[in-house]
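Encoded as structure tokens, the structure appears first; notes follow it.
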Amino acid sequence: MTNKNETLFARAQKTTPGGVNSPVRAFRSVGGTPRFITRAEGAYFWDAEDQRYIDYIGSWGPAIVGHAHPDVVQAVQEAAARGLSFGAPTEGEVLMAEEICHIVPGVEQIRLVSSGTEATMSALRLARGATKRDKIIKFEGCYHGHADSLLVKAGSGLLTFGNPTSAGVPEDFSKHTLVLDYNNSQQLEDVFQSIGDQIACIIVEPVAGNMNLIRATPEFLQTMRRLCTAHGSVLIFDEVMCGFRVGLQGAQALFGIQADLVCMGKVIGGGLPVAAFGGRADLMAHMAPLGGVYQAGTLSGNPVAVAAGMTTLKIIQQPGFYEQLTAQTRKLADGLTAAGQQAGFDFCADAVGGMFGLYFAAQIPDSYAAMMATDKDKFNRFFHLMLDAGVYLAPSAFEAGFVSIAHDDAIIETTIAAAKQAFSKL
Ligand code: PMP
């Protein structure tokens, strides 16, 4: 009998490079056939074979209220019936901007865009335009979307500017990007001491979710805040993933540190394409049409997407939402840790709000190097054992996982039971 996922994957590869529209979906890292999803509800989705999975990627973050939440679906249907896109402003965008400025610390103004990549790319341009400086700092292992100047890895020395991680990125672009080690405050001090007056901005994932899950130390974030203030550089928190995820007010509230600009995405679109960047009003005043930093979008602030986002923002503000999400995610992480360790593996898990990380390592990694030293082969086998048991984890040892409010006790317990079985076969 032909497996419908395999058939679809074979067809997809004829018309789409690698058969997917975003690389991690191809299962290249873990091997095997990607599942083609037909529908989703709550904490579950179903593939082309009608096999049900407990979903721990949640569309890589957006599905925080569970898939196909009835209120979100209704809001989308009602908005769609009023027209899909106008290319002129709407009240929905005003309400959404007001809501986000109300929730997110220090965000006085925002601009809506359609993807996290646009948000970070535009925030960088704004930081450069406002400071009239070219150089930027990012950290190895943080992902900020696929803008040219951010697809850069570390050069050979501390003050050497980076090398492109993608073909097609001219060195002339990457040469303005300095790539430093996450959680290494001394490096930041050294770099600012020598070229601080040339740095337009630091961009950082304050809870990193693109090298599995790694928490920034408070001291690391405090150091960058202090250095940016002292040298007139812009501090950009890329909260596309951790915003509205580690807590309602994101990493800024978690650490008690205010950025100058914040990038948002994922949750604020509730599964439709909405992202945003925002922050200090004096910085945002540099944006066109007021100022000289250009940025635009045909579908920016799209009314259907904004309806999904606004409804999601309402649901996550219901009393107890983050307490429950955090408790469920912690239960999952602790249960998996116990299962792995009881089976005798060097294994642990961590959770921050509704994000989690799984590590085949004796200790929770706190740096990119420690993360790269985790046992990728064991993860890959564990991934497939869990998949066979109906649990869909991120298909890579270096991606974080996501829990939704629909992941109830029974679902978490089923997952931990599946993990016990998986560890026994590993
Ligand atoms: N920043 C971070 C922290 C992200 O996790 C992502 C996407 N995973 C992006 C930016 C890019 O967002 P998008 O995929 O919507 O372009």
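Since every read-out is calculated from the coordinates, none of them should be taken as a lab result. Just so it is clear, the model here is predicted, and its values are computed rather than measured. Positions of Cβ are generated from backbone atoms using ideal geometry, with glycine treated the same way; all protein chains shown enter the neighbour counts.
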When Lys and Arg each count +1 and Asp and Glu each count -1, what net charge do the other residues less than 11 Å away from VAL304, Cβ to Cβ, add up to?
-> 0
Roughly speaking, what is the stretch gain from GLN421 to ALA338, that is 0.36 nm per residue apart minus the C-alpha to C-alpha distance, in nm to one decimal?
-> 28.6 nm
Pop the C-beta distance of GLN363 and SER22 into the FRET formula with R0 = 22 Å and round what comes out to the nearest 0.05.
-> 0.10
Built amide H within the under 5 Å cut-off of VAL152, gap 5+ | THR165
Share of antiparallel DSSP beta bridges in the chain, in percent to the nearest 5?
-> 60
Compute the signed sum of charges (Lys and Arg +1, Asp and Glu -1) over the other residues within less than 13 Å, Cβ to Cβ, of LEU158.
-> -4
Before anything else, pin down the relative contact order of the range 70-316: Cα pairs under 8 Å, at least 6 apart, normalised by residue count, whole percent.
-> 29
Along each of the three principal axes of the Cα atoms of the chain, give the extent in whole Å, ordering the values from largest to smallest.
-> 61, 54, 47
Among the listed pairs LYS14/LYS376; LYS175/LYS378; LYS138/LYS378; LYS153/LYS266; LYS153/LYS331, which are separated by more than 28 Å between their Cα atoms?
-> LYS14/LYS376; LYS175/LYS378; LYS138/LYS378; LYS153/LYS331
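Please give the length that would be gained between ALA281 and ASP346 if that part of the chain were fully extended, namely 0.36 nm times their separation in residues minus their C-alpha to C-alpha distance (nm, one decimal).
Working: separation 65, 0.36 × 65 = 23.40 nm, distance 4.80 nm.
Result for the pair: 18.6 nm of gain on full extension.
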Rounded to two decimals, what ratio of Rg to Rh does the range 70-316 give with C-alpha atoms and a Kirkwood Rh?
-> 0.98
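With a/c under 1.5 counting as rounded, go ahead and sort the range 211-290 into rounded, prolate or oblate using the C-alpha gyration tensor (a ≥ b ≥ c being the square roots of the eigenvalues; past the cut-off, prolate if a/b is larger than b/c, else oblate). All intermediate terms of the calculation are to be shown ahead of the outcome.
On the way: a/c = 2.30, a/b = 1.04, b/c = 2.21.
Oblate.
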For n ≥ 4 DSSP H runs only, could you compute -39500 (n - 2.57) per run for the chain, divide by its residues and tell me the 222 nm figure to the nearest 500?
-> -12000 deg cm²/dmol
Contact order relative to length for the range 203-307, counting C-alpha pairs under 8 Å separated by 6 or more residues, stands in percent at 19
Calculate the spin-label point distance for THR15 paired with GLN317, positioning each point 7 Å from the Cα along the beta-carbon direction, and give it in nanometres.
-> 4.2
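Using r as the Cβ-Cβ distance of LYS4 and ALA288, and R0 as 45 Å, what FRET efficiency do you calculate, to the nearest 0.05? Let's see the in-between values first.
Details: r = 48 Å, r/R0 = 1.06.
That gives a FRET efficiency of 0.40.
What FRET efficiency, computed as 1/(1 + (r/R0)^6) with R0 = 41 Å and r the Cβ-Cβ distance, is obtained for GLN324 and ILE195, rounded to the nearest 0.05? Display every interim value, and only then the final one.
On the way: r = 46 Å, r/R0 = 1.12.
FRET efficiency, GLN324 to ILE195: 0.35.
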Using a cut-off of 12 Å between beta-carbons, work out the net charge of the residues near ILE236 (Lys and Arg +1, Asp and Glu -1, ILE236 not included).
-> +1
